[in-house]
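J.: Quick one: the structure is below, questions incoming.
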Amino acid sequence: MMKQLNINKSNRPQVILITRWDRLSRNTANAYYMISQLQKLGIEPQATDQSLNMSVPENKVLLAIYIVTAEVENDRRSLNIKQGIHKAKKEGRYMG
């Protein structure tokens, strides 16, 4: 998408809609990078289910919570899976 937006300068949208902020990325650093790149192109990303007015400074806190929650959820799920696999191996169960 970013490649296409950079190529097609004359027909860029002003807004890109996503359903929720965690759909943009489930990695905090990547999400902030994507948001900054879009804003540099003059495109405002907006989430339909979690709308934020980015001109209000306090909404940056909400944005951070929305984005980091998804990353923490992924990290927790990964940790639980690794622990489950480790436990199963200790119990002698075949994994794979």
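J.: Pick out, from 29, 45, 96, the residue whose Cα sits farthest towards the positive end of the charge dipole of the chain, with +1 on the Cβ of Lys and Arg and -1 on the Cβ of Asp and Glu.
T.: Result: 96, furthest along the dipole toward the positive end.
J.: On to the next question. Counting only C-alpha contacts under 8 Å and six or more residues apart, can you give the relative contact order of the chain as a whole percent?
T.: Over the chain, the number comes to 28 percent.
J.: Keeping all protein chains in position, work out how much accessible area residue 77 exposes to a 1.4 Å probe, and write it in Å² to the nearest 10.
T.: Its accessible surface works out to 120 Å², give or take rounding.
J.: Using only Cα atoms and rounding to the nearest 10 degrees, what angle (0 to 90) does helix 28-40 make with the longest principal axis of the chain?
T.: 10 degrees
J.: Roughly speaking, to the nearest percent, how much of the chain's 1.4 Å accessible area is carbon and sulfur? Don't skip to the answer; put the middle values down first.
T.: Numbers: 3780 of 6990 Å².
The C+S portion of the solvent-accessible surface of the chain is 54 percent.
J.: Quick check: with the 1.4 Å probe, what order do 51, 25, 10 take by accessible area, largest first? It would help to have the intermediate numbers written out before the result.
T.: Numbers: 51 85, 25 20, 10 115 Å².
Reading off the accessible areas and sorting them downward yields 10, 51, 25.
J.: Rolling a 1.4 angstrom probe over the protein heavy atoms, how many square angstrom per residue are accessible across the chain?
T.: Details: 6990 Å² over 96 residues.
Accessible area per residue: 73 Å².
J.: Here is a follow-up. How much space per residue, in cubic angstrom, does the convex hull of the C-alpha atoms of segment 1-67 take up?
T.: Details: hull volume 5.6 nm³, N = 67.
Roughly 83 Å³ of hull volume per residue.
J.: Cα axis of helix 59-90 to longest principal axis of the chain: angle in degrees, 0 to 90, nearest 10?
T.: That helix lies at roughly 20 degrees to the long axis.
J.: Please work out the Cα center distance from segment 62-80 to segment 4-51, rounded to the nearest Å.
T.: 19 Å
J.: Provide the net charge surrounding residue 81, with neighbours chosen by a C-beta distance below 12 Å and charges set as Lys +1, Arg +1, Asp -1, Glu -1. Before the final figure, lay out each step's value.
T.: On the way: positive: 76, 77, 82, 87; negative: 75.
Net local charge, residue 81 excluded: +3.
The values are calculated or read from the model by the stated rules, or taken from the named source; none is laboratory data. On a predicted model such as this, the values are computed, not experimentally measured, just so you know. Cβ atoms come from the backbone with ideal geometry, glycine included; neighbour counts cover every protein chain shown. These accessible areas exclude ligands, DNA and RNA; they are computed on the full protein's heavy atoms, side chains included. Shrake-Rupley method; radii C 1.70, N 1.55, O 1.52, S 1.80 Å.
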